[in-house]
1. Exceeding 22 Å between C-alpha atoms, which entries from my cross-link table qualify? They are Lys147/Lys191; Lys122/Lys216; Lys68/Lys147; Lys142/Lys212.
2. Run down the aspartates and glutamates and flag those whose C-alpha is under 15 Å from the C-alpha of Lys171, throwing out any fewer than 8 positions away in its chain.
3. If you take the charge dipole of the chain about its Cα centre, with +1 on Lys and Arg Cβ and -1 on Asp and Glu Cβ, which of Met199, Ile114, Gly44 is farthest toward its positive end?
4. How far apart, in nm, are the 7 Å Cα→Cβ label points at Lys217 and Lys142?
5. Taking the Cα centre of the chain as origin, work out the dipole magnitude from +1 charges on Lys and Arg Cβ and -1 charges on Asp and Glu Cβ, in debye rounded to 20.
6. Find the eigenvalues of the gyration tensor of the Cα atoms of segment 128-227, then list the square roots of 5 times those eigenvalues as equivalent ellipsoid semi-axes, largest first, in whole angstrom.
7. Over all directions, what mean area does the Cα convex hull of the chain project, stated in square nanometres?
8. Hey, in the GNM for the chain with a 10 angstrom Cα cutoff, which one of Ala132, Ala207, Ala67 fluctuates hardest?
Amino acid sequence: MPHFIKFGLLLLLSFQLQAQAEIVSLNHQRIYDAIIVPGVPHNGQNWSSTMRDRVLWSVYLYKSGHAKNVIYSGSAVYTAYEEAAVMALYAEQLGIPREHIFLDSRAEHTTENIYYSYQIAKKQQFECIAFATDPFQGYSMKSFIKKFEFPIDIFPIDYDTLSSLMIQEPKINPELAKRDAFTSIVERESKWKRFRGTMGQNIRWQAEDLKKKRLKKKYANRVEQAQ
């Protein structure tokens, strides 16, 4: 095999190993101060399979001692029900104490789920943080987390573990999470703006989180005052 091909394969393997180091599993010994759980739309009646998986995974990680707190993230995006608040209602019914649940009701995209929840984590002085979600979503955010050097691991759902839980949907009152004044993101934003949001282009930054000069310059017009 030519040397340049061997060298390329070694570089690829090195990159893959480096990338995999950010992905953790149930065998990981670290205990997280908080996990970030991204929202998904709720129809006001029942949880979807995606919401079920994310809520149950967060409950499992809390009860098994992998996480001390949970940050649920998600605004009222496609329906009038705040995604974070709905997930919190389920989580409380499933045994997570309210004092260990935190809500980000600002995020409308996955990049925002991570960033605005990270702001909450910093405010609460949580240092060890993980993004806990389904594998595809978690892996898709790896480059975003690395680009901005967020100290956040990715803790993808273990579906074998979930399938063994046998938990039924608990009863909640979703009206507690409903916004009176609501307009779907589909009606108030163009496809292009929604796409930009998906790519993190709608985030309102804190200056301290833009660690590189080129990022400070690029996002200078979207830096807001610390609260």
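Each value in this text was obtained by applying a stated rule to the coordinates, not by laboratory testing. Predicted model, so just to flag it, every value in this text is computed and none were measured. Cβ atoms come from the backbone with ideal geometry, glycine included; neighbour counts cover every protein chain shown.
1. Lys147/Lys191; Lys68/Lys147
2. Cα-Cα hits under 15 Å: Glu92.
3. Checked the options; the winner is Met199.
4. In this crude spin-label approximation the distance works out to 3.0 nm.
5. Its charge dipole is roughly 1160 debye.
6. Semi-axis lengths for segment 128-227 are 30, 23, 14 Å.
7. Orientation-averaged projected area of the Cα hull: 15.5 nm².
8. Maximum among the listed residues: Ala207.
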